[in-house]
1. In 5 Å bins starting at 0, how do the alpha-carbon pair distances of the range 14-100 split up by percent?
2. What number comes out for accessible area per residue over the range 28-84 if the probe is 1.4 Å? Units Å², please.
3. Once the other residues with Cβ under 12 Å from the Cβ of I51 are scored (Lys, Arg +1; Asp, Glu -1), what is the net sum?
4. Quote the charge dipole size of the chain about the Cα centre in Debye, to the nearest 20; the model charges only the Cβ of Lys and Arg (+1) and of Asp and Glu (-1).
Amino acid sequence: QVQLVESGGGLVQAGGSLRLSCAASGIIFRIYAMGWYRQAPGKQRELVAEITSGSSTSYADSVKGRFTISRDNAKNTVYLQMNSLKPEDTAVYYCKLGPPSSGWYPRLDAWGQGTLVTVSS
């Protein structure tokens, strides 16, 4: 079955950087889009960044210019490089499997377990 495992969260001071990783297994990773979401305390989960199977990217306005999503298909891994972190970036970050690039492959609902990012002021 599909498994997504995040890592790389932690405590960082405002202005600092972190890189999150999400390792996927159980799928043909290269054909699936991937996304990073986050959920802050008391708030709804929100989309942070997405990357297609062809490596096109999109970002939430709140992180544009600070965060970069990328993927390494050889390692079945998607990354989120987070720079210039702000206290309001504090949240649990989740990776999510996106749609496949072809209808020949199934759409699957899969989330990672989440990794906590805490940004201190």
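1. 3, 15, 27, 25, 17, 9, 4, 0
2. I get 52 Å² per residue for the range 28-84.
3. +1
4. Rounded to the nearest 20 debye, it is 100 debye.
The values are calculated or read from the model by the stated rules, or taken from the named source; none is laboratory data. As the structure is a prediction and not an experimental result, all values here were calculated from the model. When we count neighbours, we look across all protein chains shown, and the Cβ atoms used for this are built from the backbone with ideal geometry, even at glycine. Ligands, DNA and RNA are excluded from the accessible area calculation, which covers all protein heavy atoms including side chains. Shrake-Rupley method; radii C 1.70, N 1.55, O 1.52, S 1.80 Å.
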